[in-house]
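The values are calculated or read from the model by the stated rules, or taken from the named source; none is laboratory data. Since this is a predicted model, take the numbers as computed values, not measurements. Note that each Cβ is placed from the backbone with ideal geometry, even for glycine, and that neighbours are counted across all protein chains shown.
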Amino acid sequence: MKFRSFAILLTIIMLGPIRVAQSQDDRWLAVNDFLYQLQNADIDQIAASEFDLVVMDISEADAEAIQTLHDSGKLVLCYMSIGEAEDYRWYWSDDWDSDPPDFLDEENPDWEDNYKVHYWDPGWQALFFGSEEAYLDQVLALGFDGIYLDIIDAYDYYEDQGRDTAAEEMVDFVLALAVYARERDPDFGVFPQNAEELSLDFPEYLEAMTGIGVEDIYYGYPDDGIASPDDWTAKREAILDQWVEAGKLVLTIDYTDDPDQIADAYTRSRAQGYVPYVANRDLDALRINPGFEPD
């Protein structure tokens, strides 16, 4: 495997020769339903459900909660945004309003309190691993089974800004997180959300991932409750089929309340070998879609 960026090379030097590729772990490929809930988590309610896998926010769980979910037979992924900064996270400093760090960029106009970042910057990456306070180190200490990484497609924004290395740098950042986590837990799961096309140019990226989450593949683009364009869906399926063939767990998330659309999303996703979930975009409730209950 070829490693490019200084960040990942430094990680390898610090940790020594370790594997990056995810081993084939039957726990992951046994998943046939999942819950994606980032707010208002009722741990006892989730534990009592039949979902195999839960994607949740670190703010919603402590070590006892994670153990409760494990005792109920669930795998638990921690949501982490690595392509944008969120001003409600532990790492945010009030000083940033007047004296922002070099990595902090403009606010996302579509998501209040979320800010674009130069994710290749060592100062940003240092917030994620390498100390007890770092994001990934906290996740590992709490006992999560893996991470679910959001805003991977930030690379696309910076490519449009003229940064030719943006995709490569995002891949290297994700691989560095995987290397670091698996030195501590060899079966630690790593799931990027969206930007599945990175696997086409970076085969080592596909090799190292446990799976991927993809939004709006059938419903939700450009708006919730709207059927995504056929060519958009077909292009994404063609790439995701390669993830399935590589033995990766593909999770699909569509956003609609319409019963017919929900049924269509579940049916089409499962036909491709993916694992579907349909929710509200706020991801603030445990939603069980009638007729598609977890088993």
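Observations on the structure shown:
- Yes/no for Gly189 being of a type outside the set (Ser, Thr, Tyr) and surrounded by fewer than 20 Cβ atoms within 10 Å (Cβ to Cβ): no
- Checked across the range 141-157, the condition of being out of contact with any strand residue (DSSP E or B) (no Cβ under 6 Å at 6 or more places or on another chain), part of a helix (DSSP H, G or I), within 29 Å of Ile43 (Cβ to Cβ) and at pLDDT 95 or above holds for at least one residue.
- Apart from one condition, Glu84 fits all of (1) at pLDDT below 95; (2) closer than 30 Å to Glu107 by Cα; the exception is (1).
- Residues in the range 179-198 that are in contact with a helix residue (DSSP H, G or I) (Cβ under 7 Å, 6 or more places away or on another chain) and of a type in the set (Asp, Glu): Glu183, Asp185, Glu196, Glu197.
- Filtering the range 223-263 to residues that are aliphatic (A, V, I, L, M) and within 21 Å of the chain's Cα centre (by Cα) leaves Ala238, Ile239, Leu240, Val244, Ala246, Leu249, Val250, Leu251, Ile253.
- If you filter the range 34-59 down to residues that are of a type in the set (D, E, K, R) and more than 16 Å from the chain's Cα centre (by Cα), you find that the one that is nearest to Asp150 (Cα to Cα) is Asp52.
- Filter result for Asp145 (more than 15 Å from Ala85 (Cβ to Cβ), touching a residue at least 60 places away in the same chain (Cβ under 8 Å) and surrounded by 13 or more Cβ atoms within 10 Å (Cβ to Cβ)): yes
- Of the residues making up the range 58-79, those that are surrounded by fewer than 21 Cβ atoms within 10 Å (Cβ to Cβ), over 24 Å from Glu293 (Cβ atoms) and touching a residue at least 12 places away in the same chain (Cβ under 8 Å) are Ile58, Asp62, Ala63, Gln67.
- Selection from the range 111-142 of residues that are more than 19 Å from the chain's Cα centre (by Cα), more than 20 Å from Glu183 (Cα to Cα) and either of a type in the set (Asp, Glu) or surrounded by 17 or more Cβ atoms within 10 Å (Cβ to Cβ) (or both): Glu112, Asp113, Asp121
- Count of residues meeting criterion [in a helix (DSSP H, G or I) and in contact (Cβ under 8 Å) with a residue 60 or more places away in the chain] in the range 116-134: 2
- Beta carbons closer than 7 Å, at least 6 apart along the sequence or on distinct chains, pair a first residue in the range 34-53 that is modelled with pLDDT of 95 or more with a second that is among the polar types (S, T, N, Q) for Leu35/Ser49; Ile43/Thr68; Ala47/Thr68; Ala47/Ser72; Asp52/Asn32.
- Taken over the range 257-284, the criterion of being at negative phi, buried (at least 19 other Cβ atoms within 10 Å of the Cβ) and not in a strand (DSSP E or B) is satisfied by Gln261, Ile262, Ala265, Tyr266, Ser269, Tyr274.
- Within the range 103-115, residues that are farther than 9 Å from Ala85 by Cα and modelled with pLDDT of 95 or more sit with their Cβ atoms under 8 Å from residues that are of a type outside the set (D, E, K, R) and loosely packed, with under 13 Cβ neighbours inside 10 Å, at 6+ positions apart or across chains, in these pairs: Phe103/Gly123.
- Just one of the listed residues (Tyr255, Tyr205, Tyr158) is of a type in the set (Phe, Trp, Tyr), farther than 25 Å from Gln138 by Cα and in contact with a helix residue (DSSP H, G or I) (Cβ under 6 Å, 6 or more places away or on another chain), namely Tyr158.
- Being closer than 18 Å to Leu140 by Cβ, touching an Asp or Glu at 6+ places or on another chain (Cβ under 8 Å) and of a type in the set (Gly, Ala, Ser) is a description that does not apply to Gly220.
- Members of the range 234-251 found to be under 15 Å from Arg27 (Cα atoms) and out of contact with any strand residue (DSSP E or B) (no Cβ under 8 Å at 6 or more places or on another chain), listed by number: Gly247
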